[in-house]
1. Does segment 255-262 contain at least one residue that is over 25 Å from GLU182 (Cα atoms), in contact with a strand residue (DSSP E or B) (Cβ under 9 Å, 6 or more places away or on another chain) and either polar (S, T, N, Q) or part of a loop (DSSP other than H, G, I, E, B) (or both)?
2. Cβ-Cβ distance below 7 Å, separation of 6 or more or different chains: which pairs start in segment 84-95 with a residue that is more than 15 Å from HIS31 (Cβ to Cβ) and end on one that is surrounded by 10 or more Cβ atoms within 10 Å (Cβ to Cβ) and modelled with pLDDT of 80 or more?
3. How many of the residues making up segment 16-56 are over 30 Å from SER226 (Cβ atoms) and in contact with a helix residue (DSSP H, G or I) (Cβ under 7 Å, 6 or more places away or on another chain)?
4. Testing PHE193 on (1) open to solvent by 10 Å² or more (accessible area, probe 1.4 Å); (2) out of contact with any Phe, Trp or Tyr (no Cβ under 8 Å at 6 or more places or on another chain), one condition comes back false. Which one is that?
5. Looking at segment 205-217, I want the residues that are open to solvent by 90 Å² or more (accessible area, probe 1.4 Å) and have a partner that is among the acidic types (Asp, Glu) with Cβ atoms under 9 Å, at least 6 apart or on another chain. Which pairs are those?
6. Is there a residue being in contact (Cβ under 8 Å) with a residue 40 or more places away in the chain and part of a loop (DSSP other than H, G, I, E, B) anywhere in segment 61-74?
7. Are any residues in segment 275-308 touching a helix residue (DSSP H, G or I) at 6+ places or on another chain (Cβ under 6 Å) and modelled with pLDDT of 70 or more, and if so, which ones?
8. Filter segment 234-261 for residues that are closer than 22 Å to TYR311 by Cβ and polar (S, T, N, Q); which is most open to solvent (accessible area, probe 1.4 Å)?
Amino acid sequence: MNMYGCLLCNFFIHKNCIYLPKVIKLTCHSHRLFHTFQVLVNKKSCQICNQPLVYEYGGYICTHKSCDYKLHSYCATGKEVWDGTDVEQQPEEVSTSEDVALLSLVDIDSKTSRHFSHQHNLMRLCINDEVEDGGICQACILPIEFGSFFGCKECDFALHNTCAKLPRKMEHTFHRHPLNLEVNLMNIREGFFYCSKCVRASCGFVYRCYERHCEFKMDARCASISDPLYNRAHEHPLHLTDSGARCNQCDFTLKPERATLPVLVKHKYDTHPLTLGFFESIRWSGLRCIICEVKIEDGYSYSMGHNPDLYGCTECKTIMCVECAIGKYPYLKPDVTIKVNGSEFDTASNFSLSRPICHACQDICQDKLHKRNRRRPTALGPVSPLGGNTNAIESHNGNNERSKVIF
């Protein structure tokens, strides 16, 4: 092992550690971090790996005296969290009037606001007896079913309260570079994108990294979660990591696609809101999903090809799979044109009484969204899964030959 040491003062250091950066800035913390060869522990754990810090060993500490943020040296300089820049000689950024001008949402009066993505003023509204449905949030594409939101009186534009306040520029634990908010997909020729963290297809707002050779994109759902994450589906607060969320009290972990699921949803098959339950804590063994009729039993979560979590109503004993409750593609909106492998498709809602027949499985489509080929509107049925994060659509052309489009 290559290392240097001073026998007089019992100081030893690895050869590689000599060149550790003096000052760094990580997106997972708001302040700069300073390297020290001796960290005062005070029963503190590393904020990234949650493992104990060893007394009198080196690490990174926050430059602000009132902040007790500490990291292991190898955690702080990992390629997933650090961009490789030593900022010791760089001036620290200070908030200016230009930052205020870049706010996403600006208040006009006590009831009206203006969002930079929309040409009309937005009203502060709330789901109640007078307003039962808020439509679709244009940022995350999920339906607005609970709480307050911003809606346009002149058109159907609407945003969740959280989505409306997402900043135009942000630093997020999920990526080591700063991100910029884009509200239209004109620069994405496919008409949709895959979030680099949860790997879900989305037609909503996108946070994009502008660093050279970095293709990172993040959807509004992943961008909206912050540290600590208080999720009603778990009893303890969760802490964000570059790979998802972690509970420091019970070692419970979530990947981004699970951490960003809506906790409450509405469905026509139950009069009450359905609550999300993570499969690790589910106690509904023996029941079946009322839509796909999959039986919930020990080991079911590992045998299924989709998200193992469930939505349920304890009063009515209603159980639904995630895909049955919110759809296979909850972040793709209807009535848009997308391109897949050079072919154009129109997305459409699937709420009619006579649902189309899927050309892949020859069964009635149960999903909330389906796609049709623009050139042959009747030739292409709804989407059917092909495992992982890709999906296949099978259709018949004019010569009765079967073709497959990967989506």
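The values are calculated or read from the model by the stated rules, or taken from the named source; none is laboratory data. All figures in this text were calculated on a predicted structure; none of them were measured in a lab. As a convention, Cβ positions derive from the backbone with ideal geometry for all residues, glycine included, and neighbour counts pool all protein chains shown. Side chains are part of the model used for accessible areas, which takes the heavy atoms of the whole protein and leaves out ligands, DNA and RNA. Shrake-Rupley method; radii C 1.70, N 1.55, O 1.52, S 1.80 Å.
1. The initial filter retains those residues of segment 255-262 that are over 25 Å from GLU182 (Cα atoms), namely none.
Checking segment 255-262: not a single residue is over 25 Å from GLU182 (Cα atoms), in contact with a strand residue (DSSP E or B) (Cβ under 9 Å, 6 or more places away or on another chain) and either polar (S, T, N, Q) or part of a loop (DSSP other than H, G, I, E, B) (or both).
2. ASP86/PRO21; ASP86/LYS22; ASP86/VAL23; ASP86/ILE24
3. The first filter runs over segment 16-56 and keeps only residues over 30 Å from SER226 (Cβ atoms), leaving 16-19, 37-38, 55-56.
When the remaining residues are screened for being in contact with a helix residue (DSSP H, G or I) (Cβ under 7 Å, 6 or more places away or on another chain), the result is 17.
Residues that pass the stated criteria total 1.
4. Among (1) open to solvent by 10 Å² or more (accessible area, probe 1.4 Å); (2) out of contact with any Phe, Trp or Tyr (no Cβ under 8 Å at 6 or more places or on another chain), the lone unmet condition for PHE193 is (1).
5. Qualifying pairs under 9 Å: GLU211/ASP83.
6. yes
7. At the first step, the residues of segment 275-308 found to be touching a helix residue (DSSP H, G or I) at 6+ places or on another chain (Cβ under 6 Å) are 279, 289, 291-292, 301, 306-308.
Correct list: PHE279, CYS289, ILE291, CYS292, PRO308.
8. The selected residue is THR253.
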